[in-house]
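Comments concern the structure below.
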Amino acid sequence: MGPKFWELIIVLAIIILLFGPSRLAGLGGAIGKAMREFREATKPEEPKPAAPSEKGTAEKS
């Protein structure tokens, strides 16, 4: 048996009373930022295009 709806509401109310809504908003933002950074870090790197060779651009003396 998992937690029921009213149990979740009571737990959320206690958390809001303990931490306050402004602190929870900051915590939510920090968690979101951490998740975005984690996704960027785990994304496979795309191969970079090869740089043009400088042989043809060098001036002849």
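The values are calculated or read from the model by the stated rules, or taken from the named source; none is laboratory data. All figures in this text were calculated on a predicted structure; none of them were measured in a lab. Here the Cβ is made from the backbone with ideal geometry for all residues, glycine too, and neighbour counts use every protein chain on show.
May I ask you to verify whether ALA13 is among the small types (Gly, Ala, Ser) and at pLDDT below 85? Write out each step before concluding.
Numbers: among the small types (Gly, Ala, Ser): yes; at pLDDT below 85: no.
When the stated conditions are applied, ALA13 does not pass them.
Restricting attention to the range 12-33, and to residues there that are in a helix (DSSP H, G or I), surrounded by 10 or more Cβ atoms within 10 Å (Cβ to Cβ) and of a type in the set (Gly, Ala, Ser), which single residue is farthest from the chain's Cα centre (by Cα)?
ALA13
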